[in-house]
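Contents: one structure, followed by commentary.
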Amino acid sequence: MNEATTQNPVHELEPGDPPVGAAARRKVLLEIAVLWLVTLLAIRAVVSVQKLGLPNAVLAAVPFLFIYAPVWLCTRRKVDSYAYRIAIPGFTDTQGWSEALGWCLRVILIVAIPWFVGYHLYQNWVAALLHKMGPVHDLDGGLQVAQRLVTGKLGVLGLDPWHTLTRTVLPRWRVPDDAWLLVPYHVFFVAIPEEFFYRGYLQTRLNEVFPRKFTLFGTKVGWSIPIACLFFAFGHSLVTLRWWHFATFFPGLAFGWLRERTKSPVAGALFHAWCNVTVTWLDTLYGIR
């Protein structure tokens, strides 16, 4: 970085710092909203063009945009992009990778069993729901099913709710397509670029105007985490619309907490990749994919 790009060092607000005015907050929110919108629309364009028959190599532009769009903005703002936690440890930096992996594993140990149990119950409930619904051919039929579901007349759980929620669908051993590529793909192509963008730049930038005045599990956090998670969740739908994208808000909270705890997006990126790989395996075992 040249001297001109380091004149305005990042200052993440701490409790007791002078409050930031509403105008400054609006400016930052507008800045990151424009960055988010332009970047995600560019990514949508890349994905759409690739679907026309271009080789998958075209999709390499997606992580490039996630990483270098905020770097470009830092250059425009004349600040050091490295101050925004958008760098990974060197591949020989065993201490940096070990610390990130250690925090990732701690979170996995906490969430894995509840997640697996919840996933199993959810898939069994969905299977029972689809069986009770039968074929829905039009909007009126869908509205009738929704009304019966809301009023409890659909009887999804039946006479034996425990059996319905645990035995309707059981996993069967299957292997995802290109299973050997799942981990490197989700670590380096998906999770690290996305975490650099959302937690490395957006969350850090928000910390400059939203003080971290709360303490969660011994770590100072602020409104920057849920705000960045909203951008994260809706960003998925801006590229490809899926009804369940709102749910990505919730693991995003853990990614954001890990960024605050470790002062780096890498631990969150590793956990992000674990979530993606785990969902792929579970969906395959339950016959969803």
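What follows is calculated from the coordinates using simple rules that are stated; it is not laboratory data. Bear in mind that the values here come from a model prediction, so they are computed numbers and not experimental data. For neighbour counting, all protein chains shown are included, and Cβ atoms are generated from backbone atoms with ideal geometry for every residue, glycine included.
Taking one quarter of the surface of the C-alpha convex hull of segment 162-236 gives a mean projected area of 8.8 nm². Count Lys and Arg as plus one, Asp and Glu as minus one, and take only other residues whose Cβ is under 14 Å from that of Val34; the net charge is then +4.
Show me the chymotrypsin sites (Phe, Trp or Tyr not before Pro) within segment 192-289 that DSSP assigns to loop and that have at most 10 other Cβ atoms within 10 Å of their Cβ.
Hits after loop and neighbour filter: Phe217.
Counting neighbouring Cβ atoms within 10 Å and putting the fewest first, the residues Leu181, Leu238 line up as Leu181, Leu238.
For the chain, what does -39500 (n - 2.57) per DSSP helix run (n ≥ 4), summed and divided by total residues, give at 222 nm, in deg cm²/dmol to the nearest 500?
About -19500 deg cm²/dmol.
If the limit is 26 Å between Cα atoms, which of Lys78/Lys220; Lys27/Lys78; Lys51/Lys78; Lys27/Lys220; Lys213/Lys263; Lys51/Lys263 go over it? Those over the limit are Lys78/Lys220; Lys51/Lys78; Lys51/Lys263. Each label point was placed 7 Å from the Cα along the Cα-to-Cβ direction; for Val71 and Asp93 their separation is 1.5 nm. From the Cα gyration tensor of segment 44-113, with a ≥ b ≥ c the square roots of its eigenvalues, which class applies: rounded if a/c is under 1.5, or else prolate if a/b is larger than b/c, or else oblate? Judged from the Cα gyration tensor, segment 44-113 comes out oblate (a/c at least 1.5, b/c at or above a/b).
Taking 0.36 nm per residue of sequence separation and subtracting the Cα-Cα distance, how much length would be gained by fully extending the chain between Phe188 and Leu159, in nm to one decimal?
Answer, rounded to one decimal: 5.7 nm.
The local environment of Gly287, defined by Cβ-Cβ distances under 11 Å, has a net charge of +2 under the rule Lys, Arg +1 and Asp, Glu -1. When the chymotrypsin sites (Phe, Trp or Tyr not before Pro) in segment 72-157 are filtered for DSSP coil states and for at most 14 other beta-carbon atoms within 10 Å of their beta-carbon, the remaining sites are Phe91. Label positions at Leu139 and Leu54, each projected 7 Å from the Cα along the C-beta direction, are separated by 3.6 nm.
The Cα-based radius of gyration and maximum Cα-Cα distance (Dmax) for segment 71-186 are 23.6, 66 Å.
Ordering Arg261, Arg26 from the fewest to the most neighbouring beta carbons within 10 Å gives Arg26, Arg261.
Across all directions, the average projected area of the convex hull around the alpha carbons of segment 211-275 is 4.5 nm². GNM on the chain, alpha-carbon springs under 10 angstrom: the most fluctuating residue among Thr151, Thr92, Thr168 is Thr151. Taking the square roots of five times each eigenvalue of the Cα gyration tensor of the chain, the equivalent ellipsoid has semi-axes of 38, 22, 21 Å, listed largest first.
In terms of other Cβ atoms within 10 Å, Ser98, Ser224 run from fewest to most in the order Ser98, Ser224.
Given axes a ≥ b ≥ c from the Cα gyration tensor, I'd like to know whether segment 88-131 is rounded (a/c under 1.5), prolate (a/b larger than b/c) or oblate.
Details: a/c = 8.28, a/b = 3.42, b/c = 2.42.
The shape class here is prolate.
Each of Cys104, Ala33, Ser48 was placed along the dipole of the chain (beta-carbon charges, centred on the mean Cα), and the one lying farthest toward the positive end is Ala33. Placing R0 at 45 angstrom, the Cβ-Cβ distance between Ala22 and Arg174 gives a FRET efficiency of 0.25 after rounding to 0.05. In the calculated pair-distance distribution of segment 143-289, the portion above 25 angstrom amounts to 46 percent of the Cα-Cα pairs.
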